[in-house]
Amino acid sequence: MKCFVFKPKRRKNGKVSTGRFYSGRYRLKGDSKPTDVPLQTTDKQVAKARLDRIVQELEREREGMIAPKSIRVGAQKPLVDQMKEHLAERLRLGRKEQYVNGLRAHILTLLKECGWQVAKDVTPESFRAWRQRQKKSVKTLNEYLAAISSLLNWMERAERIPKNPLHCVEKIENHGEPTFQRRALTIEEARRLIAVAGPRRATYLTALETGLRRGELGKLEWRDVQLDGPNPFLNVRRSTTKNHKSAPTPIDAELAAELRSIRPENMDPKQRVFAGRIPRMKRFRLDLKAAKIEALDAAGGRVDFHALRMSFQMNLTLSGTTPRVAMELMRHSDMKLTMKTYTDSGLLPTAAAIQNLPSLVNGPYANTPAQKPEYTPLDTPVLGPEGHSASPHGTTEKNGDGPGTLINTGFRHDVAQNVLPCPKWEMVGATGFESSPAFVGDDWRSSQMPMDAWFPGDAGNR
């Protein structure tokens, strides 16, 4: 090991000059090259003492006898100052100011109420004791834990603490339940709200027909609104969305006409579309009252501005939109969020679904009077003795052509002619084949072709 002090020299204009202050040079075991450190003293004995102290500290660190200097210094630095550095880095990395402000508020609350000054004050026991005293929701308490953990994890990565002291504290399980029950507006309620909205009419209509969030509506600019093409849409920029992704959102002719009615003639492209038109909660409640909509119904369902987004999802569901398309229009990354959190089960047509179930009591073997129609949109055909569709009792006639069975054609019932018995049904027993349906053009027709004729060369694989 090398260890000595010296006054550094340098050459300037052909002359060698010696510095006033001493520096130290050391090379410990395992070092590939020597290290120089300034000692900031003109006294040689003081310089030697300082260098010995530095070398001794390094040797103890390498032997694991003491923590590294960065950790020892970080442990003494106030957590408030550590938080300021952490949040400044979050902003440099592109996190939104609203998110950073939320972290600051949560961390400062914990530092004050838990009495944490420096890192050594933070313990799992003190946090759990604070959490048990709170009456906040499960979601909010988990947000507090996430906020302080973000600071402590950053300090650990920066080698200011050896380990996050709260790493063993678990989140409270809330089983995915929301903190309160939000409900969607019915179609009639939505119409009443728009009717009394006045200058906020376009805002409510846009929220109900696009599902845009309050913050996204507030940042929408006229340059994002494309109304003059054959397919009008809103271009929600990535800087304004929750998931940081751009979201071209199609709109219908009704909403396009409403937005044209409020578009200024000489508009600035960067002008906010809904400037002065987005209500605060007090104004929103007054609009609900004017529309005779309960802000909190008897079942505990709450109506707030975000309920308009939920209403958009429910209208998609009730209009027959497939779940995957609804998920895309809602801009969700998880189908569960669309189908569970944003679905108001109270508006689902559950009673109608029960009425559409097939009858289990009535049929070809029933001995009881009919209790409900035998054929429904979910019915399966009843086969006759020859294996063909049998005509059910209670069928209707169309143009006097005789009895027919109801078939499902999507959202309505049509009357179809009952299939006549096959004229050569006697051949079934002789040939071993039943008549097969053949698809010709747009019609299903009866065919007497054996299966081998339908699938040539494949009879042995069936």
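Indicate the gyration tensor shape class of region 187-347 (rounded, prolate or oblate), computed on the Cα atoms with a ≥ b ≥ c the square roots of the eigenvalues: a/c under 1.5 is rounded; otherwise a/b larger than b/c is prolate and the rest oblate.
Numbers: a/c = 1.72, a/b = 1.18, b/c = 1.46.
It is oblate, given that a/c is not under 1.5 and a/b is not larger than b/c.
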Checklist line | Protection proxy ranking of 32-39, 232-239, 306-313 - average other beta-carbon atoms within 10 Å, highest first | finding: 306-313, 232-239, 32-39
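Taking all pairs of distinct Cα atoms, average 1/r, flip it, and tell me the Kirkwood hydrodynamic radius of region 2-66 in Å to one decimal place.
Numbers: mean 1/r = 0.0774 Å⁻¹.
Result for region 2-66, one decimal place: 12.9 Å.
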Item checked: Karplus (6.51, -1.76, 1.60) ³J(HN,Hα), θ = phi - 60°, over region 100-106, in Hz, Gly and Pro reported as x -> 5, 5, x, 4, 4, 5, 5
Check: In region 244-305, which trypsin sites (Lys or Arg not before Pro) fall in coil by DSSP and have 15 or fewer other Cβ atoms within 10 Å?
Finding: Lys245, Lys270, Arg280, Lys292
Check: Expressed as a whole number of Å, what is the distance separating the alpha-carbon centroids of region 8-50 and region 215-282?
Finding: 66
Notebook entry, point to check: Under 5 Å between amide H atoms, partner at least 5 residues away or on a different chain: which partners does Glu221 have, H built in plane at 1.01 Å?
Noted result: Val273
Item checked: Val236 long-range amide H proximity, modeled H, under 5 Å -> Ala247, Thr249
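Would you kindly state how much longer the chain becomes between Arg20 and Glu97 on full extension, computed as 0.36 nm times their sequence separation minus their alpha carbon distance, in nm to one decimal?
Details: separation 77, 0.36 × 77 = 27.72 nm, distance 4.88 nm.
Gain in length upon complete extension: 22.8 nm.
Fewest first, what order do Leu286, Leu193 take by the number of other Cβ atoms within 10 Å?
Working: Leu286 12, Leu193 25.
Lowest count first: Leu286, Leu193.
From the square roots a ≥ b ≥ c of the eigenvalues of the alpha-carbon gyration tensor of region 70-123, which class results: rounded (a/c under 1.5), prolate (a/b over b/c), or oblate? It would help to have the intermediate numbers written out before the result.
Values: a/c = 3.45, a/b = 1.42, b/c = 2.43.
It comes out oblate by the Cα gyration axes.
If we sort 6-19, 105-118 on the protection proxy, mean other Cβ atoms within 10 Å, highest first, what's the order? Walk me through the numbers before you get to the answer.
Numbers: 6-19: 9.4, 105-118: 15.6.
The most tightly packed comes first, giving 105-118, 6-19.
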Next item on the list: Take the alpha carbon gyration tensor of region 263-346, find the square roots of its eigenvalues, order them as a ≥ b ≥ c, and report rounded if a/c is under 1.5; if not, report prolate when a/b exceeds b/c, else oblate.
Entry: oblate
Check: Can you list the lysines whose alpha carbon is less than 30 Å from that of Lys270, not counting same-chain residues fewer than 8 positions off?
Finding: Lys96, Lys219, Lys242, Lys245, Lys282
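We did not get these values from a lab; they are worked out from the coordinates using the rules stated. Being a predicted model, the structure only gives us computed values, none of them experimental. Heads up, the Cβs are rebuilt from the backbone with ideal geometry, glycines too, and the neighbour counts pull from every protein chain shown.
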